Amino acid sequence: MPPRRNIVKSGNAGTSSKSNKPKVEDASGKGNATAVNASSASPSLFPPGSKTPLSLLHERCQKNDWEKPEVQTFQRGNTYSAAVIVKRHNSRTSQTEVVRFEPRPPLEMKTPLEAKHWAATYALYRIAVL
């Protein structure tokens with residue numbers, strides 16, 4: 001039997017007639033309003049769906065059997081800086097080993113969230129180099 005043409009084996013091939021955009025209603029209750037203005041919301045630091053430096057640092061710490069990294073932020077005038085503290089419990093000596101990653105000179109960012117991510121990036125770099 002020869003193969004049939006124009007037959008999709010995967011089932012739904014994305015030929016749906018439905019619109020991908022959700023309908024937004026305006027104050028009058030009609031569905032002809034435009035989407036919410038994107039410029040009104042603050043822009044995110046990273047694209048949606050990507051991993052942030054903080055989450056990458058947390059994953060690295062879990063992989064190496066370290067405790068959850070602690071990020072401390074400091075306000076210096078109108079700017080913010082941060083440091084990362086990583087801890088590990090040594091089973092032989094029953095002590096906790098502590099490493100503090102803080103860039104010198106301190107990074108000065110406009111928001112505390114930016115400072116946290118930059119400190120996590122710095123800690124990831126130092127962990128990778130060690």
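Couple of notes before you dig in:
- Residue ID - modelled with the highest pLDDT, chosen from residues in the range 92-114 that are of a type outside the set (Lys, Arg), assigned to a loop (DSSP other than H, G, I, E, B) and open to solvent by 100 Å² or more (accessible area, probe 1.4 Å): 108
- In the range 67-91, residue nearest to residue 123 (Cα to Cα) [restricted to those that are in a loop (DSSP other than H, G, I, E, B) and open to solvent by less than 70 Å² (accessible area, probe 1.4 Å)]: 69
- Total residues in the range 47-63, condition in contact (Cβ under 8 Å) with a residue 12 or more places away in the chain and either in contact with a strand residue (DSSP E or B) (Cβ under 9 Å, 6 or more places away or on another chain) or loosely packed, with under 12 Cβ neighbours inside 10 Å (or both): 3
- Within the range 115-130, considering residues that are open to solvent by 50 Å² or more (accessible area, probe 1.4 Å) and touching a residue at least 12 places away in the same chain (Cβ under 8 Å), the one farthest from residue 50 (Cα to Cα): 126
The values are calculated or read from the model by the stated rules, or taken from the named source; none is laboratory data. As the structure is a prediction and not an experimental result, all values here were calculated from the model. Here Cβ is always computed from backbone atoms with ideal geometry, including for glycine, and neighbour counts include all displayed protein chains. The protein model used for the area step is the full one, side chains on, heavy atoms only, and it has no ligands, DNA or RNA in it. Shrake-Rupley method; radii C 1.70, N 1.55, O 1.52, S 1.80 Å.
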